[in-house]
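The values are calculated or read from the model by the stated rules, or taken from the named source; none is laboratory data. Being a predicted model, the structure only gives us computed values, none of them experimental. Don't worry about glycine lacking a Cβ; one is built from the backbone with ideal geometry, like all the others, and counts go over all protein chains shown. Note: areas computed on protein heavy atoms with side chains; ligands, DNA, RNA excluded. Shrake-Rupley method; radii C 1.70, N 1.55, O 1.52, S 1.80 Å.
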Amino acid sequence: MSSEYFFNFLNSISHKPLPVLDSAIPLSAYIPFDLSESNSDLNNFDTKSSIAWQDYFKAYIHKNNKTVAFGGYGEQRSIYKRSSYFNCENSDDERNIHLGIDLWIAANSKVYAPLDATIHSFKNNTNFGDYGPTLILKHAIHGEVFYTLYGHLSLKSIVNLQVGHKFKAGECIATIGDSKVNGDYAPHLHFQIIQKIKENYGDYPGVCSKKNLDSFLKNCPDPNTLLKLNFS
């Protein structure tokens, strides 16, 4: 399946949004958020502190009278400089471009399956700045197979899971983790679509280098094809 066909296929699955957070949260309660290097607001607090990030997001959401801040697909970010997990001596290999959508919401918020699925894999990715508890679901829709990844979950989300367990669309699959377990970030969900998972298990790169960007974007199209949080 070509990347263009895959993108169009994902768009065609549903004309309505397929939420991964509580469906009772209206689209009007979501607000786009810019976490790129060009956002000068990020110079006004300690971006190495998960507590400072949490305070910043709470203030941003409260100021705008919203519930969820979201964004980040294809976004180049400086936040990853704080972790050696993303940095290399060769700057061309530095991983700082985000491949999913982040949905910033309070810890312990529930996460839902957007489509019928089976559990492909799960793992606690414990590197500093990594996903923390992570779940990958496998979807078979109209004869096509693809995967969705859910990162920065709570520890309890990956307890007593079984590979192959089935979830129905709209079923609760996890909860959001806090900074103690989620890689030291303000609470949020990293949601990513993956066409070909290859040998990856419980993990898949959510951030890539510029030199590898084209291939990763082809394999990981914009999650808004499913979420449809389309704001101009």
Checklist entry - Just wondering, is there one or more residues in the stretch 111-124 that are open to solvent by 10 Å² or more (accessible area, probe 1.4 Å) and under 17 Å from P187 (Cα atoms)? => result yes
Checklist outcome for this item: Pairs returned, first residue in the stretch 153-177 that is without any contact (Cβ under 8 Å) to a residue 60 or more places away in the chain and in a loop (DSSP other than H, G, I, E, B), second residue that is open to solvent by 20 Å² or more (accessible area, probe 1.4 Å) and among the hydroxyl-bearing types (S, T, Y), beta-carbon separation under 7 angstrom, 6 or more apart or interchain, are G164/T118; H165/T118; E171/Y112
Checklist entry - In the stretch 21-34, is there at least one residue being open to solvent by less than 80 Å² (accessible area, probe 1.4 Å) and over 26 Å from L153 (Cα atoms)? => result no
Next on the checklist: I'm checking my understanding of the structure. Among residues of the stretch 210-232 that are surrounded by 15 or more Cβ atoms within 10 Å (Cβ to Cβ) and among the basic types (K, R), which one is nearest to L10 (Cα to Cα)?
Outcome noted: K228
Next on the checklist: Given the options I31, I119, name the one that is more than 28 Å from K198 (Cα to Cα) and in a strand (DSSP E or B).
Outcome noted: I31
Checklist outcome for this item: Over the stretch 185-198, the set of residues surrounded by fewer than 19 Cβ atoms within 10 Å (Cβ to Cβ) and at pLDDT below 95 is K198
Next on the checklist: Conditions first: (1) touching a Phe, Trp or Tyr at 6+ places or on another chain (Cβ under 7 Å); (2) open to solvent by 10 Å² or more (accessible area, probe 1.4 Å). L137 passes all but one, so which condition is the exception?
Outcome noted: (2)
Next on the checklist: Quick check on my filter: what residues within the stretch 35-50 are of a type outside the set (K, R), open to solvent by 70 Å² or more (accessible area, probe 1.4 Å) and assigned to a loop (DSSP other than H, G, I, E, B)?
Outcome noted: E37, S38, D46
